[in-house]
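Enquirer: Right, I'll just put the structure down here and ask away after.
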Amino acid sequence: MEQHTTTALLYLNGITVSFDGFKALNELSFLIEPGEMRAIIGPNGAGKTTMIDVVTGKTRPDAGDVYFEEGTYDLSKLDETDIAALGIGRKFQKPTVFDMHTVEDNLLLALKNDRRVRATLLWQSSTPQERRIEEIFDTIRLKSLRSRVAGSLSHGQKQWLEIGMLLAQEPKLLLVDEPVAGMTDAETRQTAELLKEINRTKTVIVVEHDMTFVRDLGVRVTCLHEGSVLAEGTIDQVSQNERVVEVYLGR
Amino acid sequence: MRGFNGLLIALALAFIALVSVTLARAQSPGDVLAKFTTDDFSDTAEAVEALAASGDKMAAPIIFALQDGRLLFDAKSKTVFIKDASGAILDAATGQPVTAAPAELETVGINNRLRRAIEAALGTLTLLAPEPQKRLEAALAVYKSRDEKALPALDTAIAKETNANIKRALLEARAAVIVLSADAPEAARLDAVGVIRARGDQEALSLLSSLPADAPPALAKAAASAIKAIQGQLEIWNGVQNAWYGLSLGSVLLLAAIGLAITFGVMGIINMAHGEMVMIGAYVTFMVQEVIRTRYPGLFDYSLLMAVPLAFLVAGAIGIAIERGIIRFLYGRPLETLLATWGLSLILQQAVRTAFGSSNKEVGAPSWMSGAFEVGHLNITYGRLWIICFTLIVFVALLAMLRFTRLGLEMRAVTQNRAMAAAMGIRTARIDALTFGLGSGIAGIAGVALSQIDNVSPNLGQGYIIDSFMVVVFGGVGNLWGTLVGAFTLGIANKFLEPYAGAVLGKIAILVLIILFIQKRPRGMFALKGRAVEA
Amino acid sequence: MTAHPLIRMLDRGAVLFLALLGAFAIAIPVLNLLVPEGSALHVSTYLVALFGKYVCYGILALSIDLIWGYAGILSLGHGAFFALGGYAMGMYLMRQIGTRGVYANPILPDFMVFLNWKELPVYWYGFQYFPYAALMVMLVPGALAFVFGWFAFRSRVTGVYLSIITQAMTFALMLGFFRNNFGFGGNNGLTDFKDILGFNVQAEGTRNALLVVSCLALAIGFLICRAIVTSKFGKVLVAIRDAEARTRFLGYRVEAYKLFVFTLSACMAGVAGALYVPQVGIINPSEFAPGNSIEAVIWVAVGGRGTLTGAVLGAFVVNYAKTFFTSGVLAPYWLFMLGGLFIAVTLLLPRGVIGTYNHWRDGRGEARAAGVPNAPPHAAK
C-alpha cells in the first residue's frame, strides 16, 4: 500500500469529520516529517482542534487515513490510550491538569513509565524518576509550587505545568493547542524558546492564534480554513497569500 | 305501547304454551315448582327443562334467579321464592311480593351440569326476546350448550332475525349444534364446519377439536383443515394483540417518561423524585373525584378533565419549588442532584402517606372510559384507548409548546447555549425553574392517566422511575422523538417477550437488553453528535 | 517527599481509626460476656448483633467510598453485591441445617421440599463446604461486577448513566430473586439458620465472635483501601475521577483501572453481606431493593467521600439514627429525616463530616500535601 511507504511521522490523507451535517474537517491532507516543527493557524471553526482530536483518537474520522511513524500505525483504529502509548502527547486548548493533585503528582502521573494497573499498584519511587522530575521542574520553573494542588495555580502556571507534563511523557510527537493563551509577553517568548528546545529531539505541532508567537517560532505554517488546508509555507508567504488575507487576517 | 303489545303477545303465547304443555305433560306449574324444593340436582334439572318448555311468564325470572343463587325454597310448605336485586322476596309462582316469607328459606343449589342446563334453557327462552341484547346472549348460550333441543327454536329465530350480528350468532349456534349432532346429515355438518371456521376464535377451535373420534372421515378432514386455518389466524391475531398491549404499555411508559425527557433529557437534571410527581398527579385526581362525589355527583364524568389542569398546576408548582429550593444549588453536580432528589422522593412519599394513609385510594373511571369493543378478535378497552390518545395529545402539545411559544424558544435557547441566552437578555434562572416546572407538571398529568390503571398509593411513583429513565436513556437524551420511539419499542418488546419468558423474566430480559444496548450506544438511539455532547 | 509506602498508608487518621476499631472489637465482647447483666456497663446480646450489623454496613460503605470517593463511580447497585455475598453465605447456612429443618430432608432445604423439588440444583452444589462458600462470597459478586464493569467501562458509560444502569441491575436481580423457580427461596429468602462452622448462630459466643470477625474484616478492608488509595494507582484513580479524558491522553487505560477497583469493591461488598447474614439471621430479595443501595451511598456522603474513615463513620451514625428513630414513637418521621439528610448533606455539607474536618485542618496547615486529597465538592462530573 502506498501509505505504508511514506517517510512522514504523521500522515493525514482525505480526512473528513462531520457533526450533524457540519463538516468540521473536509478532505484534510497534511503531513509532518520526523523532527519537524509546524505551526497551524486558522480562524475559529477552521478545524484545528478537530484535527488534533482525530490524531489523538478522541474523534473518529468519517473518511480518510491517519498514519503514524512512516505508515506503521493506523491511528483511526486505535483509541486515546493506545495512541498516547505510541508516543503522541497532547496539550489541551484549555489547560487541563489534575486539579486535586499536587503539582508534583501531576508530573509523576505524566512521567514515562509502565501504565498498567499492576505496575501502578506496586509502584515505588526511584532516583532516576525523581531526578527526571527535578529536571522538568527546572525547565518549567514551578519548583517552589511543587506541593501546591494544581487547582490553585494561575492560568499561566497551569499552562506551564501542562507543558511540563507533556515533557514528562517523553512523546515522539507533541500536539500543542494554544500554549501561550493567558501568558505575558515575556512568558510567551520563553515558551517559544522552550518549544524550539524541545524540537531539537522531538516533532512538534503547535496550534496558535498569536501571530507574534508564530513568527518567533520561525517554522513552516499551515493555514486551515473550513476543514482543509488553505495555504502552507513560511509565515511571510502565508500571511501574504490573498486567500489567507481574505478569510483570516483581513477580517 | 310497545311494552303493552309485548306483554300481550307474551301473555297470549304463555297461555297457548300453558295449555299445550299442560295437556302434553299433565304437569301443573305448581308441580314443576315443587321439584325445586326437593334439594335434588336431577329434580332441579327436570324442573328447569319443564319450565323452559312451559313458556310460563315466570320461567325466565325463575331460571335467572336459580342461576344467580337467588332462588329460595321452603321445604315445609313446598313453596318457592325469588329474591330480587333489592333483596325483596317474591313468590315464584306469581311474581308478587310476599309480605310474610317463612323464616328459614334455603337456596336451591346448582352444580356444573345444572349450569349448562340453565344456560340451554335460557337460550331457548330468550332466543325470541324483543331486546336484541338478550337475543344475542341467548344465541351465545346455545352456542356454548350445544343443546339439540334448541334447534327448532333456533330455526324460528334465524328466520325472523333482522339484525345481522345476531343472525350470525344464531347461525353459529346452529352450526355448533349440528356439527356435534350425530343424527344430522353429513352435508349439513360439513356446512356447519364452514360456519364455525369462519368464526375463527378460540371457542371455534375447542368446538372443532371436541368432535368425536368416530366422526365421518370427510367431516374429520374438514374439521382438521379448519382447525389449522383457525390456528394460523389466531396466531396472527395473537401478534396483533401483543402489539396492541405493547402500544398500551408503551403509552404508559411514554406518559411516565415524557416529563423526565424534559427534566433529564433537556436540562440534564437527574430527578429521582419524578415518580413522586406522577404520584401527586394521581392523588390530585383522587381529591378531585372525592369533591365531586360528595358535592356534585353529576359531574363525575368530567372529573378527569378537571383533574388534568389541576394536576399540572400542582405538580408544576411543586416542581418549581424543588428547582428553586434545591436543584439550582446543584447544577453541574449530577450525582449530588440524584441523591438530593432521592431524599426528596422519600419525603414526598412519606408526606402523602401521612396525609392520606398508605392504603390504595379508589379512583373511579368515568363512563366514557369504561367498556370495550372488538375489532376482529381484538378486544379493545376504551380506557386503554383513551390513555394512548391522551399520551399522544400530551406529546404533540409539548412539541408544539417547545416549537411555537416564546417560552419554548427561550427554553431551547437556554439549553443550547446558556451564556449566549443570558447575553440575549433571557432570564435563565427563571427559564430553568419554568422548564423544570413544565417537566414536573407533565409528570402530574401522567399521574391523572395512570390513576386509571394503577393503584393510587404513596408507592405509585417508585414503580415508574427506573422504567422512565430507561426509556429516556434508550431513546436518546435530549430528543423527545427518541423518547417516543423508545417508549413504544420497549413497550412492544416487553409484551412480545412476555409469552415466552413470563412477565418477570420478560422485564428482566428487557433490563438486560437495555443495559447491553447502552454499552453499545451509550447515548441512546437518537444521540446528539458533535460539540454539543461535550458540554 | 515520597515516604515509605507503609508510612504513607498509615497516617494519623488511619492509625486512630484502627485503634478505635480495635478498642471497639475488644470492648463490646468484654462488656457483653464478662460484665454481669445487671451492671450499667453491660452490653446486651441484642446490641452485639446490632453493632455487628453496623460493622458490616461499614464494610459496604468502605467499598462504595473506594469507587465513588476515589474513582468517581457512583454505583447505585452495590446492595446487589452485598446481597449476593449474603446469599452465598445463606446457602452455606441452609446446607448446615441438614435434617433439623421442618421437613428433615438431609439434602434439600425446606423451601425446595415445599416446592416439590426432587434434586438439589447444580448451583447449590458445594455450598455445604465453608471454604467453597467463602470463596463464592467474593467470587460471585466479583464476577458479576467484572462482567458488568467490562461492558460498561469499555463503552465509556460514565456518571449518571452508570448510576442508572447499576440501579437497573440490582432491580433486575431483585425481580429474579423474588421468583421461586430461581431456587433461592423466593419471597422468603433464606432463613432459620442453625449453625455456622458448628457453632449455634444464636449463641452469645458466636455473636461476639462474628462481631470480632466483622471488625477484623473491616480493618483488613480499610488497610487494603488505604494501600490502594495511597499508591500511584490511587493517584491515577483520582486523576480519572477529576479528568477522565486527560488521563486517557496520558496513556492510562482508564477502563482497566475502573474495572479493577470496581471488581475489588464488589468483592468487599460481598464479604460485608456474608458477615451480615449470620448476624441478622435472614437474607431475602428485598436486600436488592434499589433504595438500600442508595441509602448506603448516603452513609458515605454523610461521613465524607474520599476519606474512607468517613464512610465507616457515616454508616455507623446513620444506621444508629435509623435504629433509634424507627423503634420509637418517631417512627413515622424517620423517612422525613432520612430524606432531609440526603438533601442537607448534598446542599450544606458536600464534603461530609470527615471531609469538612480535613478541609478545615488542611486550610490551617496551609496546603500541605497529605496523601490523597479529599474529594472536591464539584468533582463528580
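The values are calculated or read from the model by the stated rules, or taken from the named source; none is laboratory data. Note that this is a predicted model, so its numbers are computed, not measured. When we count neighbours, we look across all protein chains shown, and the Cβ atoms used for this are built from the backbone with ideal geometry, even at glycine.
Enquirer: Which residues, counting only those in segment B:389-437, are closer than 23 Å to B:Asn271 by Cα and among the hydroxyl-bearing types (Ser, Thr, Tyr)?
Expert: If the condition is that a residue be closer than 23 Å to B:Asn271 by Cα and among the hydroxyl-bearing types (Ser, Thr, Tyr), then B:Thr391, B:Thr415, B:Thr428, B:Thr435 are the ones that fit.
Enquirer: When residues of segment B:371-404 are filtered for being under 17 Å from B:Ala446 (Cβ atoms) and of a type in the set (D, E, K, R), how many remain?
Expert: 1
Enquirer: A follow-up question, please. What are the residues in segment B:210-269 that are assigned by TED's automatic domain parsing to the domain that holds B:Ala429 and part of a loop (DSSP other than H, G, I, E, B), if any?
Expert: Across segment B:210-269, the qualifying residues are B:Met267, B:Gly268, B:Ile269.
Enquirer: Restricting to segment B:457-484, name every residue that is part of a helix (DSSP H, G or I) and either out of contact with any helix residue (DSSP H, G or I) (no Cβ under 7 Å at 6 or more places or on another chain) or under 18 Å from B:Trp244 (Cβ atoms) (or both).
Expert: Listed by number, the residues that qualify are B:Gly463, B:Trp481, B:Leu484.
Enquirer: Among the numbered criteria (1) surrounded by 18 or more Cβ atoms within 10 Å (Cβ to Cβ); (2) more than 8 Å from chain C (Cβ to nearest Cβ); (3) in contact (Cβ under 8 Å) with a residue 60 or more places away in the chain; (4) not hydrophobic (A, V, I, L, M, F, W, C), which one does A:Glu70 miss?
Expert: The number of the failed condition is (1).
Enquirer: Please tell me if B:Trp244 is of a type outside the set (Lys, Arg), under 26 Å from the mean Cα position of the chain (by Cα), modelled with pLDDT of 85 or more and within 21 Å of B:Glu172 (Cβ to Cβ).
Expert: Judged against the criteria, B:Trp244 is not a match.
Enquirer: Let me spell it out: the conditions are (1) within 14 Å of another protein chain (Cβ to nearest Cβ); (2) closer than 24 Å to B:Ile508 by Cα, and C:Asn188 meets all of them except one. Which number is the exception?
Expert: C:Asn188 satisfies all of (1) within 14 Å of another protein chain (Cβ to nearest Cβ); (2) closer than 24 Å to B:Ile508 by Cα except (1).
Enquirer: Now, a different point. If the Cβ limit is 7 Å and pairs must be 6+ apart or interchain, which residue in segment B:327-338 that is more than 7 Å from every other protein chain (Cβ to nearest Cβ) pairs with which residue that is outside any helix (DSSP H, G or I) and at pLDDT below 90?
Expert: Note: pairs meeting the criteria are B:Ile327/B:Ile269; B:Thr337/B:Ile269; B:Thr337/B:Ile270.
Enquirer: If I go through segment B:355-368 residue by residue, how many of them are within 14 Å of chain C (Cβ to nearest Cβ) and surrounded by fewer than 13 Cβ atoms within 10 Å (Cβ to Cβ)?
Expert: The qualifying residues number 3.
Enquirer: Another question, then. What do you reckon, is C:Ala168 at pLDDT below 90, part of a helix (DSSP H, G or I) and under 21 Å from the mean Cα position of the chain (by Cα)?
Expert: Here the answer is yes, as C:Ala168 does meet what is asked.
Enquirer: Being farther than 27 Å from A:Glu36 by Cα and more than 10 Å from chain C (Cβ to nearest Cβ) narrows it down to one of A:Glu130, A:Glu134, so name that one.
Expert: Just one listed residue meets the conditions, A:Glu134.
Enquirer: Any residue that is under 19 Å from the mean Cα position of the chain (by Cα) and crowded, with 17+ Cβ neighbours inside 10 Å - is there at least one of those in segment C:184-204?
Expert: The answer is no, given that none of the residues of segment C:184-204 is under 19 Å from the mean Cα position of the chain (by Cα) and crowded, with 17+ Cβ neighbours inside 10 Å.
Yes/no per residue for (1) within 18 Å of B:Gly265 (Cα to Cα); (2) touching a residue at least 12 places away in the same chain (Cβ under 8 Å):
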position: B:Asp467; (1), (2): yes, yes
position: B:Val472; (1), (2): yes, yes
position: B:Asn479; (1), (2): yes, yes
position: B:Val485; (1), (2): yes, yes
position: B:Phe496; (1), (2): no, yes
position: B:Pro499; (1), (2): no, yes
position: B:Gly502; (1), (2): no, no
position: B:Lys507; (1), (2): no, yes
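Enquirer: Kindly establish whether A:Arg90 is surrounded by 23 or more Cβ atoms within 10 Å (Cβ to Cβ) and either at pLDDT below 90 or at the interface with chain C (Cβ under 7 Å from one of its Cβ atoms) (or both).
Expert: yes
Enquirer: Please state which of the following conditions A:Lys172 fails to meet, knowing it meets all the rest: (1) touching a residue at least 40 places away in the same chain (Cβ under 8 Å); (2) surrounded by fewer than 23 Cβ atoms within 10 Å (Cβ to Cβ); (3) closer than 29 Å to C:Met9 by Cβ.
Expert: In the conditions (1) touching a residue at least 40 places away in the same chain (Cβ under 8 Å); (2) surrounded by fewer than 23 Cβ atoms within 10 Å (Cβ to Cβ); (3) closer than 29 Å to C:Met9 by Cβ, A:Lys172 misses (3) alone.
Enquirer: Taking B:Ala175 as the residue in question, decide whether it is in a helix (DSSP H, G or I) and surrounded by fewer than 17 Cβ atoms within 10 Å (Cβ to Cβ).
Expert: Spelling it out, it is not the case that B:Ala175 is in a helix (DSSP H, G or I) and surrounded by fewer than 17 Cβ atoms within 10 Å (Cβ to Cβ).
Enquirer: Out of B:Val352, B:Val396, I need the residue that is out of contact with any Gly (no Cβ under 8 Å at 6 or more places or on another chain) and within 14 Å of chain C (Cβ to nearest Cβ). Which one?
Expert: Going through B:Val352, B:Val396 in turn, just one is out of contact with any Gly (no Cβ under 8 Å at 6 or more places or on another chain) and within 14 Å of chain C (Cβ to nearest Cβ): B:Val352.
Enquirer: Please pick out the residue among B:Ala282, B:Ala261, B:Ala315 that is modelled with pLDDT of 90 or more, among the aliphatic types (A, V, I, L, M) and either out of contact with any helix residue (DSSP H, G or I) (no Cβ under 6 Å at 6 or more places or on another chain) or within 24 Å of B:Asn479 (Cα to Cα) (or both).
Expert: None of the others qualify; the one that does is B:Ala315.
Enquirer: Of all residues in segment C:261-304, which are within 15 Å of C:Tyr57 (Cα to Cα), within 14 Å of another protein chain (Cβ to nearest Cβ) and either in a strand (DSSP E or B) or not aromatic (Phe, Trp, Tyr) (or both)?
Expert: Selection gives C:Gly291, C:Asn292, C:Ser293, C:Ile294, C:Glu295, C:Ala296, C:Val297, C:Ile298, C:Val300, C:Ala301, C:Val302, C:Gly303.
Enquirer: Could you please find all residues in segment A:21-42 being touching a helix residue (DSSP H, G or I) at 6+ places or on another chain (Cβ under 8 Å) and surrounded by fewer than 17 Cβ atoms within 10 Å (Cβ to Cβ)?
Expert: The one that is touching a helix residue (DSSP H, G or I) at 6+ places or on another chain (Cβ under 8 Å) and surrounded by fewer than 17 Cβ atoms within 10 Å (Cβ to Cβ): A:Gly35.
Enquirer: Got a sec? Which of A:Asp99, A:Asp79 is touching a residue at least 40 places away in the same chain (Cβ under 8 Å), surrounded by fewer than 21 Cβ atoms within 10 Å (Cβ to Cβ), facing chain C (nearest Cβ under 9 Å) and not small (Gly, Ala, Ser)?
Expert: Of the residues listed, the single one that is touching a residue at least 40 places away in the same chain (Cβ under 8 Å), surrounded by fewer than 21 Cβ atoms within 10 Å (Cβ to Cβ), facing chain C (nearest Cβ under 9 Å) and not small (Gly, Ala, Ser) is A:Asp99.
Enquirer: Out of the residues in segment B:83-101 that are buried (at least 16 other Cβ atoms within 10 Å of the Cβ) and modelled with pLDDT of 75 or more, which is nearest to the chain's Cα centre (by Cα)?
Expert: That would be B:Lys83.
Enquirer: Considering only segment C:105-126, I want to know if a residue exists there that is touching a residue at least 60 places away in the same chain (Cβ under 8 Å), surrounded by 21 or more Cβ atoms within 10 Å (Cβ to Cβ) and either more than 30 Å from C:Asn200 (Cβ to Cβ) or touching a His at 6+ places or on another chain (Cβ under 7 Å) (or both).
Expert: Within segment C:105-126, none of the residues are touching a residue at least 60 places away in the same chain (Cβ under 8 Å), surrounded by 21 or more Cβ atoms within 10 Å (Cβ to Cβ) and either more than 30 Å from C:Asn200 (Cβ to Cβ) or touching a His at 6+ places or on another chain (Cβ under 7 Å) (or both).
Enquirer: When you scan segment B:496-511, do you find a residue that is aromatic (Phe, Trp, Tyr) and modelled with pLDDT under 80, even just one?
Expert: Within segment B:496-511, one or more residues are aromatic (Phe, Trp, Tyr) and modelled with pLDDT under 80.
Enquirer: Among the residues of segment A:24-31, is there at least one that is in a strand (DSSP E or B) and among the polar types (S, T, N, Q)?
Expert: Yes - at least one qualifying residue is present in segment A:24-31.
Enquirer: Applying the selection to segment A:137-179, what residues are away from every other protein chain (no Cβ under 13 Å), small (Gly, Ala, Ser) and assigned to a helix (DSSP H, G or I)?
Expert: A:Gly156
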